[in-house]
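The next block holds one structure in the form of structure tokens; read it before the comments.
The values are calculated or read from the model by the stated rules, or taken from the named source; none is laboratory data. Here the structure is a predicted model, which is why all the values come from computation and not from measurement. Glycine also receives a Cβ, built like all others from the backbone with ideal geometry; neighbour counts cover every protein chain displayed. These accessible areas exclude ligands, DNA and RNA; they are computed on the full protein's heavy atoms, side chains included. Shrake-Rupley method; radii C 1.70, N 1.55, O 1.52, S 1.80 Å.
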Amino acid sequence: MFNEFHHQVRGRGHEQNGTRGQDRTAYLSRHGVQVLCLADGAGSAEYSEFGAQAVVEEGCALLAERFPDLIASTGAEEARQLILERLLIRLAGVADKQGCSVPELASTFLAVAVSGDRFIAVHVGDGVIGYVKQDRLQVVSTPDNEEFANQTTFVTSPSALASIRLYRGKLDDVAGFITMSDGTSESLYDFRSKTLAPACVKLIEAVGKPRRAQSKSSKYKKRLRKLVDTRLRSATKDDCSIGILALRT
């Protein structure tokens with residue numbers, strides 16, 4: 001069983017400009033599957049926060065419902081296509097409701113799902129997915145904008161299917177996962193060495209600690225939210241979002 005924590009905060013740049021925050025996170029536990037999703041809306045897309053909200057909700061539902069199929073599928077291309085098609089169908093419905101085009105809902109998409117002894121990770125765009133395996137902090141998926149800092153792929157991009165990354169593996173010796181948007185990665189990821197900051201281990205360990213009472217759980221999450229709202233947010237003008245799944249110790 002994994003404990004979870006996820007949180008997003010509006011960036012200082014958006015606050016100064018009077019614009020809406022565009023990062024979104026979501027968590028779902030269903031059918032014996034735990035799913036955590038994160039999305040960063042494109043600054044150039046007028047309705048991107050609605051798109052980000054839609055893909056984290058749909059991503060959680062999809063991975064919980066289809067986890068066995070996605071794990072068992074021998075064709076990674078087929079699995080990637082299924083995921084992207086479901087997200088785009090949801091976005092088409094949101095576009096119709098908002099009276100906008102689908103590209104105006106552009107966002108990245110990061111997800112981790114765990115069940116039994118297996119995991120799935122999905123990544124479109126920038127941001128980082130990492131995990132602690134065999135007591136070592138490792139990067140599962142790097143940002144796809146490392147060559148050009150201001151360019152990345154979105155779920156709505158024509159190249160999304162070719163760019164979507166899908167990872168499937170066993171949970172043996174995995175202590176936890178961490179996902180983050182590009183705003184958060186400014187504090188917790190070194191683009192030159194392509195490594196995560198040691199602080200990520202401490203964050204995963206903190207989430208994995210047992211919580212004996214609801215009151216303690218509330219205080220614990222409050223402290224983590226404060227960390228995101230202050231330290232991580234102060235290091236960038238961008239929105240900051242983070243998601244953690246940590247094996248309960």
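Laid out as a table, the results:
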read-out	value
Selection status of residue 127, at positive phi, among the small types (Gly, Ala, Ser) and under 19 Å from the mean Cα position of the chain (by Cα)	yes
Selected residue (only one of 178, 164 is aliphatic (A, V, I, L, M), touching a residue at least 40 places away in the same chain (Cβ under 8 Å) and closer than 20 Å to residue 77 by Cα)	164
Qualifying residues in the stretch 67-103 (those that are in contact with a helix residue (DSSP H, G or I) (Cβ under 7 Å, 6 or more places away or on another chain) and of a type in the set (D, E, K, R)) - the one most open to solvent (accessible area, probe 1.4 Å)	90
Exclusive hit being at pLDDT 90 or above and open to solvent by 80 Å² or more (accessible area, probe 1.4 Å), set 248, 212	248
Count of the stretch 21-58 residues which are farther than 15 Å from residue 181 by Cβ and open to solvent by 20 Å² or more (accessible area, probe 1.4 Å)	12
Selection from the stretch 218-232 of residues that are open to solvent by less than 40 Å² (accessible area, probe 1.4 Å) and within 20 Å of residue 196 (Cα to Cα)	224, 228, 232
Identity of the residue in the stretch 146-156, modelled with pLDDT of 95 or more and either outside any loop (DSSP other than H, G, I, E, B) or touching a Pro at 6+ places or on another chain (Cβ under 9 Å) (or both), that ends up surrounded by the fewest Cβ atoms within 10 Å (Cβ to Cβ)	156
Within the stretch 104-145, considering residues that are assigned to a loop (DSSP other than H, G, I, E, B) and open to solvent by 50 Å² or more (accessible area, probe 1.4 Å), the one nearest to residue 239 (Cα to Cα)	144
